[in-house]
Amino acid sequence: MTLPAPGVAPKTHEFVFLLCDMFSMMPFAAALEPLRQANRMAHGPLYSWRLVSEDGAPVTASNGVAVNVDGGLEDVSRDASIAVCTGFGLERAASRAVLTWLRKQARRGAGLGALCTGAYVLARAGLLDGKRCTIHWENYASFIEDFPEVELSNLLFCVDDGIFTCAGGTSAADMMLHLITDEHGPDLGSLVADTLVHTVLRSDTDEQRLSVPARIGVRHPKLVSIIQKMERSTEEPVSPSELARSVNMSTRQLERLFRRYLNRSPKRYYMELRLEKARNLLLQTDMSVINVALACGFTSPSHFSKCYRAHFNRTPYRERGTPANTGAEKAPKAEPEGGGGTERGKTARGG
């Protein structure tokens, strides 16, 4: 543990957690608890924290729990670090007041960070331009579409030029343990991890999603390689024959491989990947349905709508809760889900 000089008290590092409506509770708690345990293990106030909201009123998390805060959007110390905590409702979270406050605190020299989907708010404020960051994997595709000037990674957490971001969930604990270790040494970092029963310390080089073999429950190397290629090529789909050639197989062998392990054809599996990406874009961005279709490899809006409805039992417009406005994109009159009302998609789906 790195100790201060004799007779010199360690400087307290303050974290200001900006809680936005419908924020995710797990990453918030996972970020806060390591700070508390660091103070306990060091027998001193290495860290302090405050909770703030846009209007100083209590904030409701996505699990329905209301959390009291210490105040509103006031200036923070230049030595403090702001952590933006979000979850659902990113458009509401990135309000003009919040963006203005974040920019002002950045100009004053405060540290910046984000938990779960909070990187979206920092990016909207223009504070991540040219920086490397991460966000919850469900928001990956929409973030790339909205902020091409930001270098987005698929890692558990990133620290770039003092700006810290994490993917949400338990990755917030890994990130905080990393920050504690940087400030006070590996002995304290390990001790805090032990008290949290966090027995596997993950680093800023670990990816946030399970590997392809873990997700599909199959470790066939050629199948894994093909699926990885599919996931990287949703905007410009690769033909089955090219996929087969990439792993030195025939198209017929490729078909048998997918049928045996995934009980569907390569074409069907590829289509499902593209449609899942489309659904995330529809729910998380304001991209037009046509642009969503193009981003997912569909050149015909009507074909996209037909495939989407067949897979999700609703049209893209119904998913978003807006009416179709062109003949090719109109939903058929007979909606299987019934009713005439519209639905509102959530603007983010982070964990």
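The lone criterion from (1) part of a helix (DSSP H, G or I); (2) of a type outside the set (Phe, Trp, Tyr); (3) out of contact with any Asp or Glu (no Cβ under 9 Å at 6 or more places or on another chain) left unmet by Thr205 is number (1). Apart from one condition, Leu294 fits all of (1) without any contact (Cβ under 8 Å) to a residue 60 or more places away in the chain; (2) under 23 Å from the mean Cα position of the chain (by Cα); (3) surrounded by 18 or more Cβ atoms within 10 Å (Cβ to Cβ); the exception is (3).
Any idea which residue in the stretch 161-188 is surrounded by the fewest Cβ atoms within 10 Å (Cβ to Cβ), counting only those that are touching a residue at least 40 places away in the same chain (Cβ under 8 Å), part of a helix (DSSP H, G or I) and aliphatic (A, V, I, L, M)?
The initial filter retains those residues of the stretch 161-188 that are touching a residue at least 40 places away in the same chain (Cβ under 8 Å), namely 162-173, 175-177, 180, 183-185, 187-188.
With the extra rule that they be part of a helix (DSSP H, G or I), the set shrinks to 171-173, 175-177, 180, 183-184, 187-188.
Cutting the leftovers down to aliphatic (A, V, I, L, M) gives us 172-173, 175-177, 180, 188.
Working: Ala172: 29, Ala173: 25, Met175: 28, Met176: 29, Leu177: 26, Ile180: 26, Leu188: 21.
Applying the filter and picking the extreme gives Leu188.
How many of the residues in the stretch 29-72 are of a type in the set (Val, Ile, Thr) and buried (at least 17 other Cβ atoms within 10 Å of the Cβ)?
3
If you go through the stretch 63-108 and keep only what is of a type in the set (D, E, K, R), in contact (Cβ under 8 Å) with a residue 60 or more places away in the chain and not in a loop (DSSP other than H, G, I, E, B), you end up with Glu91, Arg92. Leu223 satisfies every condition listed in (1) in a loop (DSSP other than H, G, I, E, B); (2) in contact (Cβ under 8 Å) with a residue 24 or more places away in the chain except (1).
Identify the residue in the stretch 193-213 that is more than 20 Å from the chain's Cα centre (by Cα) and at pLDDT below 90 and, among all such residues, is nearest to Leu32 (Cα to Cα). Working first, answer last.
Start the filter on the stretch 193-213 by keeping residues that are more than 20 Å from the chain's Cα centre (by Cα), which leaves 193-201, 213.
Right, trim to at pLDDT below 90 and you get 198-201, 213.
Working: His198: 14, Thr199: 18, Val200: 19, Leu201: 17, Pro213: 33 Å.
Of everything passing the filter in the stretch 193-213, His198 is nearest to Leu32 (Cα to Cα).
Taking the criterion of being outside any strand (DSSP E or B) and either modelled with pLDDT of 90 or more or buried (at least 24 other Cβ atoms within 10 Å of the Cβ) (or both), the residues of the stretch 147-160 that qualify are Phe147, Pro148, Glu149, Val150, Leu156.
Of all residues in the stretch 30-53, those satisfying the criterion of being at negative phi and either in a strand (DSSP E or B) or without any contact (Cβ under 8 Å) to a residue 12 or more places away in the chain (or both) are Arg36, Asn39, Tyr47, Ser48, Trp49, Arg50, Leu51, Val52.
In the stretch 224-237, of all residues being closer than 15 Å to Glu272 by Cβ and of a type in the set (A, V, I, L, M, F, W, C), the one that is surrounded by the most Cβ atoms within 10 Å (Cβ to Cβ) corresponds to Ile226.
The values are calculated or read from the model by the stated rules, or taken from the named source; none is laboratory data. Everything quoted here is computed from the prediction, not taken from an experiment. Positions of Cβ are backbone-derived with ideal geometry, glycine not excepted, and every protein chain shown enters the neighbour counts.
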